[in-house]
Amino acid sequence: MLRPLFFGGPENRVSLARLTGLSSGSITNVTADLLEEGLIVEAGLEESDGGRPRVLLEVNRDFGAVIGVDVGETGIRVEGFDLQMRVVGSADVRLHPQHFPAEAVIDQIIVAIEQLRAQFDEEGRRALGVGIALPGIVEHEGEVRVHAPNIGWEAVPLEALMRERVGLPVFADNGAKTLGQAEMWLGAGRGVRHAVVTLWGTGVGAAIFTDGALYRGAASSAGEWGHTSIVAGGARCRCGAQGCLEAYIGASPLLEAWRRADRRATPPPDPDAEEWVEQLLEAAKTRKAAAAVLDQAATYFGVAAANLANLFNPERIIVGGWLGLKLAPALLPRIREVVGVQALEYPASRVSVELGRLGPDAVALGASTLVVEALLAGGGSLAALMA
């Protein structure tokens, strides 16, 4: 019953009975318990056809706060959200994950979490849990372990390490998957059952949703779209293979392609210094070499997206990630054109390629939804959340 309130509320008790299939008596009993616990609140009255006005119910945004942590390859973002998924706080982690061991990174994340919790205490907010997004494979069989070679993490039992120290429920997942959940819940994927949400940034990944559920695969590694081959025997990828999509459109290869193609280009040496993307877009307006680099990136992305259309037959392919959000507004027409040519006519005619709607905070927001998902799955029980 909590799901329609969280995703579509406010609702009255009659509509909740219709949406859930529960009897009116069950709805009355459950809502009474949740009102007493404070997880839902009354949100005014709704006129009914010829009868008494009906009381509207909604999730209480102030029941507690959830913390989302985005551990990227080059930086960390820590944010707090209320239960309407609005930002209510943030804390800085001034540390480059690739330059420090996992233990040092975890220490600094915990410091940031404690800063947020201190703020919440002052505001009278209760911290419900922590969700963490990471740039690698998060193994969910047995003890949760993180395999993130790009930041030097090997089989790190992150949830167990952090739960013991912060005293809160901790949930971890791959960053592309948390981005995908955020877009499906709150962004460009709302109302869609079959979708692929792509993360285009320093690395490249995807979250695949079939019939509304995230597809993980046999070992939680489904969605490594950036390491599907786009050119047989092509450029060497940092994963060790040749011809990976990421080796052509990831931030570092794309910046290097611009340097090689455009002798007039003077971008910063760091591919994660995001201002170079605006410089490339601006240069492409007047210089053919820069425009050709962007056209090639759009072509590679479009071909890889056409593969997704053929393999999974999604209704929607969503472009997210910091690099995707900056480039896609200019490149979407070309990407859509390539998908239309490369994908089979039937799936191509039924898929749309759209820009993500949640901006640069989407991965941290998605990480926080891991806590909300556990809360909803447990029927709003805090004891179940801690289990």
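The values are calculated or read from the model by the stated rules, or taken from the named source; none is laboratory data. Bear in mind that the values here come from a model prediction, so they are computed numbers and not experimental data. Virtual Cβ from ideal backbone geometry, glycine too; neighbours counted across all protein chains shown.
Looking at Ile67, Ile132, Ile113, which is the one that is under 23 Å from the mean Cα position of the chain (by Cα) and in a helix (DSSP H, G or I)? It would help to see each step written out before you state the result.
Numbers: Ile67 fails: in a helix (DSSP H, G or I); Ile132 fails: in a helix (DSSP H, G or I).
Within the list Ile67, Ile132, Ile113, the selection yields Ile113.
Taken together, Leu375, Leu365, Leu355 contain a single residue that is more than 16 Å from the chain's Cα centre (by Cα) and not β-branched (Val, Ile, Thr), which is Leu375. Listed here are the helices (runs of 4 or more DSSP H) enclosed by region 273-387 that have at least 2 residues being surrounded by 16 or more Cβ atoms within 10 Å (Cβ to Cβ), among the β-branched types (Val, Ile, Thr) and assigned by TED's automatic domain parsing to the domain that holds Asp173: 362-377. Considering each residue of region 226-237 in turn, at least one proves to be outside the structural domain of Ala172 (by TED's automatic domain parsing), touching a residue at least 40 places away in the same chain (Cβ under 8 Å) and of a type in the set (A, V, I, L, M).
Residue count for region 254-266, restricted to those that are surrounded by fewer than 19 Cβ atoms within 10 Å (Cβ to Cβ) and either under 17 Å from Lys326 (Cα atoms) or under 29 Å from the mean Cα position of the chain (by Cα) (or both): 1. Inspection of region 140-157 finds no residue satisfying the criterion of being of a type in the set (D, E, K, R), within 20 Å of Ala377 (Cβ to Cβ) and surrounded by 16 or more Cβ atoms within 10 Å (Cβ to Cβ). When region 243-293 is filtered for residues that are closer than 27 Å to Gln98 by Cα, out of contact with any Gly (no Cβ under 9 Å at 6 or more places or on another chain) and of a type in the set (Val, Ile, Thr), the ones remaining, listed by number, are Thr266, Val277. Val196 meets the stated requirement of being in contact (Cβ under 8 Å) with a residue 24 or more places away in the chain, under 24 Å from the mean Cα position of the chain (by Cα), part of a strand (DSSP E or B) and farther than 30 Å from Ile113 by Cα. For the residues Ala305, Ala241, Ala298, the requirement of being under 15 Å from Gly226 (Cα atoms) and touching a Leu at 6+ places or on another chain (Cβ under 7 Å) singles out Ala298. Is it true that Gln181 is among the polar types (S, T, N, Q) and surrounded by fewer than 23 Cβ atoms within 10 Å (Cβ to Cβ)? Spelling it out, it is not the case that Gln181 is among the polar types (S, T, N, Q) and surrounded by fewer than 23 Cβ atoms within 10 Å (Cβ to Cβ). The number of residues in region 296-338 that are more than 21 Å from Thr202 (Cβ to Cβ) and either of a type outside the set (A, V, I, L, M) or within 18 Å of the chain's Cα centre (by Cα) (or both) comes to 11.
Given the criterion outside any helix (DSSP H, G or I) and at pLDDT below 95, identify the matching residue among Arg264, Arg259.
Values: Arg259 fails: outside any helix (DSSP H, G or I).
Of Arg264, Arg259, the one residue that is outside any helix (DSSP H, G or I) and at pLDDT below 95 is Arg264.
Of all residues in region 141-185, those that are closer than 23 Å to Ala112 by Cβ and either among the aliphatic types (A, V, I, L, M) or not in a strand (DSSP E or B) (or both) total 29. Within region 311-330, residues that are of a type in the set (S, T, N, Q) reach partners that are outside any helix (DSSP H, G or I) with beta carbons closer than 9 Å, at six or more positions or on different chains, in the pairs Asn313/His194; Asn313/Arg350; Asn313/Val351.
Here is a yes/no grid of residues against (1) surrounded by fewer than 17 Cβ atoms within 10 Å (Cβ to Cβ); (2) modelled with pLDDT under 95; (3) farther than 24 Å from Leu375 by Cβ:
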position: Arg3; (1), (2), (3): yes, yes, no
position: Gly25; (1), (2), (3): yes, yes, yes
position: Gly50; (1), (2), (3): yes, yes, yes
position: Gly72; (1), (2), (3): no, yes, yes
position: Gly89; (1), (2), (3): no, no, no
position: Asp92; (1), (2), (3): yes, yes, yes
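A single entry from Val78, Val88 fulfils the requirement of being in a strand (DSSP E or B), over 30 Å from Cys239 (Cβ atoms) and among the aliphatic types (A, V, I, L, M): Val88.
Within region 1-57, being under 28 Å from Ala188 (Cα atoms), in contact (Cβ under 8 Å) with a residue 40 or more places away in the chain and in a helix (DSSP H, G or I) holds for Leu2, Arg3, Leu5, Phe6, Phe7, Leu16.
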